[in-house]
Amino acid sequence: MDCDTCVVGGGFAGLNTALGLAERGQQDVLLLEALQLGHGASGRNGGFVFGGFSRGEDRLLEDLGPDRARALYAGTTNAVELIRDRIDRYGIQCERTESGVLWANWFQDPEVLRRRQRLLREHFGVDWQWVPREALREQLHTTRYGDALFEPRAFHFHPLKYLQGIARAASGLGARLHERSPATGLRRDGNGWIVDTPAGQVHAARVVLACGGYLAGLRDRVDAGVLPIATYAMATEPLGDRMDEVMSTRAAIYDTRFAFDYYRPMQDSRLLWGGRVSVLDRSPDAVARLLRKDLLKVFPQLEGIRIDHAWSGLMSYARHEMPQVGRIEDGLWLAQAFGGHGVAPTAFAGELLASAIADGDERWRELSGYGLVSAMKPAGFVAAQLQYWWLQWRDAWKDWREGQR
Ligand SMILES: Cc1cc2nc3c(=O)[nH]c(=O)nc-3n(C[C@H](O)[C@H](O)[C@H](O)COP(=O)(O)OP(=O)(O)OC[C@H]3O[C@@H](n4cnc5c(N)ncnc54)[C@H](O)[C@@H]3O)c2cc1C
């Protein structure tokens, strides 16, 4: 097959790029997905749609200074609005829940919340509202947390349904999407590229690699730039009225620890619960056992609850914890390394790449300081796991100290 742009990877990064191109009138887009659209992190995630990157705002500010940091952060909050807009424009049924997101303090010391609230307000023009612990306890029926911050412009949804919606939109605008079509080779062909698949070849003027933590195996440098890191999720049985024993809010919630719990009430009254980070991809049974313990620490009233589904997914992390987005060779583009904060940033990246390819827009260069640095595998895995243990131990220690007071 021939095309102008061949996108490899059918997650949010690839599909947002394909849709962005199709929306700009570039109809000659062909996307290859090795398995099914949404097979990777994009179809498995928690469904939190919020601004920011995996690299925290404080470090973004240190790296880039106030103006550039604010502009990049705004790219992600604008992406939240773009996602909203696309849900409306394309009539995507994805259980959108407009109840905001709560960042609940696992600890009693409120300083971590105050610092972030101040930083966001002063440097990023974003107002997260203070929720005192008494008010939080009315919303979440647990004594586990201190105070919280509330992000009102954030929302949550069913990520796979949304992904299928943007796939339909892209294909309605002329993009050709091929599942069960792994790209197995990539080579130059004059000014363009040949992408091999088991059943044929794609001849493309340009190629976009968007394979996240599922590593395409097409360019060593690209795969070497990220560590695939696992995180876990599960869905309980439908809780029906028991949901009221747990929470009266419909917000999505995560906490202030390094390896935080994240959860949200689904529209069929299940609780989607996620958490933990590890270099190990575990079986569904093992995931359910681990996460059930985490859930009961927060909501002991759910003892005996049935877990209907459990799964893990791979995130792609660069050493700098920022996305790697942009042109890496003539006609070869990249969007990967969104980490655990990928729903909005992949929409931002898709726009950057689509407008670069369609209109020569150079805004992607704002991210080029966070390029393809080696993740130093396999030593990087060991270093990452040691760092996770250290940060988890530090949180556990702080928790224990507070318990002694
Ligand atoms: C359990 C979990 C919970 C998360 N929760 C949230 C959340 O609540 N909010 C948030 O913002 N982020 C969350 N994230 C992170 C977010 O899901 C990711 O950052 C984002 O989905 C990454 O998208 P992607 O397109 O880069 O990668 P992926 O979605 O992983 O897509 C990559 C695709 O490339 C395909 N592929 C690989 N190699 C080839 C090849 N050779 N040929 C063709 N196709 C290939 C794979 O099959 C895969 O479908 C979570 C992640 C996980 C795993």
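Computed from Cα positions, the angle between helix 12-23 and the longest principal axis of the chain comes to roughly 50 degrees. Can you compute the FRET efficiency between Trp311 and Arg133 using 1/(1 + (r/R0)^6), with r the Cβ-Cβ distance and R0 = 22 Å? Round to the nearest 0.05. My answer for the efficiency is 0.10. Please compute the contact order of the stretch 260-345 in relative form: average sequence separation of alpha-carbon pairs under 8 Å and at least six residues apart, divided by the residue count, as a percent. Across the stretch 260-345, relative contact order equals 19 percent. Here the calculated FRET efficiency for Arg250 and Arg187, from their Cβ-Cβ distance with R0 = 41 Å, stands at 0.20, rounded to the nearest 0.05.
Just to verify a number: FRET efficiency for Ala224 and Trp393, C-beta to C-beta distance, R0 = 22 Å, to 0.05? Efficiency, rounded to the nearest 0.05: 0.15. Per residue, the convex hull spanned by the Cα atoms of the chain measures out at 134 cubic angstrom. Averaging the sequence gap over all C-alpha pairs within less than 8 Å and six or more residues apart, then dividing by the number of residues, gives the stretch 54-193 a relative contact order of 28 percent. Between Arg401 and Gln201, the simple spin-label model (points 7 angstrom out along Cα→Cβ) gives 6.3 nm. Taking the longest Cα principal axis of the chain as reference, the axis of helix 159-172 is set at about 20 degrees. Quick check: Cα centre of the stretch 359-392 to Cα centre of the stretch 282-303, how many Å? Using only Cα atoms, the two centres lie 30 Å from each other.
Compactness of the stretch 1-115 is given as radius of gyration and Dmax, 17.8, 60 Å, from Cα positions.
Relative contact order of the stretch 40-132: 28 percent, from C-alpha pairs under 8 Å at least 6 residues apart in sequence.
Taking the C-alpha atoms only, the angle from helix 111-124 to the longest principal axis of the chain is near 40 degrees. Where does the chain land at 222 nm, in deg cm²/dmol rounded to the nearest 500, when only DSSP H runs of n ≥ 4 count, each adding -39500 (n - 2.57), divided by all residues? Using -39500 (n - 2.57) per qualifying helix, the result is -12000 deg cm²/dmol.
We did not get these values from a lab; they are worked out from the coordinates using the rules stated. Keep in mind it's a predicted model, so treat the numbers as computed, not measured. Here Cβ is always computed from backbone atoms with ideal geometry, including for glycine, and neighbour counts include all displayed protein chains.
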